[in-house]
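Single-structure report; data block below.
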Amino acid sequence: MRRFCAILIGLVFFLAGLFKLIDPVGSGLIVRSYLDFFHIGFLGGLSGVIAFLLSSVEAVTGLALLGGARRRLSAIVSIVLIGFFTVVTFILMLANPKMDCGCFGEAFHLTHTQTFIKNLILCALAAGAFIPLPKTSSRKKLTVILSIITLLIGAYSLFFLPLWDFTDMSAGDRLYDTTHPFPPVKAQEPGFIYEKDGVQKEFSLDALPDSTWTFVSVGEAPEVKTPSNLVPVTSAAGMVSDSVLLHGRVLAVSVYDVDAMSDSDWSDAARLLESASAKGMSPVLIAASASEDFEKALESLATEERLKLMMVSYFSDHKVLMTLNRSNGGVVVLDEGLIVEKWSASSYPSDRQLQKIAGQNPGNLIMSASVPGRFWLCAFIVAAVLLSLYTYRKKVFKA
């Protein structure tokens, strides 16, 4: 039973850490929201580092629990983490701020109450698994190898793009504009609550009960959820220009931090946009800044490059652009508003790739962009869990 409880905790920790590691930019945003909530926003510059370190500790601790390596140390680290998370989520449950807990990155979203209940369950499992503390066991080579692979996956996602994009703007998702942001949804009217013989029931306006029922109150109108994949884009003149992303084959370079772009970065973006235009695609550059700051950032460029960028430049919100592409200066290809493929700023597509993209079916592009990363991530998760459990069982059996 102790081993079973430790395995469950290890599985939760491993998945929580891995899902945050494959999206280090998003995890940094989550940590930033926590720092702001607890009024220590002055540490915001370290949010990315804190997110990466915390996610790494979670994932490695989870693997150690699954494989039975360093059992005493992993038990102590688990108890500290669970206790800390429980206190934090209890505060969040009471305050109920409008922020995501981020326990599993973008993969799963839980309310503050659900997160607190989850942590209470982990506390109960920890009591069953780690009281009294287990004796130390020898370090397992497999756990070390799997931990290194996990950290390498996180490093890859940091310098390139997540292996699995869990956001609402991944390959295969469609963008909407701000004038017609989502398919029409019929507005629902609130219900009317009546009571009869101690039983309350809700009725619609078109089907009210007879006089034997007593009116109690008006119910709340059902919440109509709208898609969150909206990309409001404006021109330098302040005109809404969302349609530039929604018609034809578009190659968009998104820059959510203008100050972090060097002259060589701007030059690379200009060459890519020019090449995309030559291949028949509509070139677009979207920056998260005011038009004046954008022009100032381009001052040191050659006049020709500066004009090329300014002619195709538009502006949007920085968080929206971070969702659209996790890389600053990243590339997104759209077909009639449908996201078909993405690249990071460190791996721009070549001219040959652009030529292939320009004439290829969007469905094929989506498959090639999303399936391989998802397959390898799922394969690694299954292999890591099964190998960890198997090697631990094999050692116990021989003992």
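Can you find even one residue in the stretch 325-335 that is more than 23 Å from Phe166 (Cβ to Cβ) and within 29 Å of the chain's Cα centre (by Cα)? There is no residue in the stretch 325-335 that is more than 23 Å from Phe166 (Cβ to Cβ) and within 29 Å of the chain's Cα centre (by Cα). Taking the criterion of being open to solvent by less than 30 Å² (accessible area, probe 1.4 Å) and among the β-branched types (Val, Ile, Thr), the only residue of the stretch 95-130 that qualifies is Thr115. Need a quick list: helices (runs of 4 or more DSSP H) entirely within the stretch 250-323 having at least 3 residues that are farther than 28 Å from Gln360 by Cβ and open to solvent by 10 Å² or more (accessible area, probe 1.4 Å). The qualifying helices (runs of 4 or more DSSP H) are 291-297, 303-311. Against the test of being open to solvent by 10 Å² or more (accessible area, probe 1.4 Å), under 20 Å from the mean Cα position of the chain (by Cα) and modelled with pLDDT of 90 or more, the options Ile91, Ile76, Ile50 yield a single qualifying residue, Ile50.
Residue count for the stretch 368-394 satisfying the condition of being loosely packed, with under 15 Cβ neighbours inside 10 Å, among the hydrophobic types (A, V, I, L, M, F, W, C) and within 14 Å of Lys342 (Cα to Cα): 1. The set of residues in the stretch 237-249 being open to solvent by less than 50 Å² (accessible area, probe 1.4 Å) and aliphatic (A, V, I, L, M) consists of Val244, Leu245, Leu246.
The values are calculated or read from the model by the stated rules, or taken from the named source; none is laboratory data. Computed from a predicted model, the values in this text were never measured in an experiment. Please note: Cβ atoms are built from the backbone with ideal geometry, for glycine as well, and neighbour counts cover all protein chains shown. Keep in mind that these areas ignore ligands, DNA and RNA; they rest on the heavy atoms of the full protein, side chains included. Shrake-Rupley method; radii C 1.70, N 1.55, O 1.52, S 1.80 Å.
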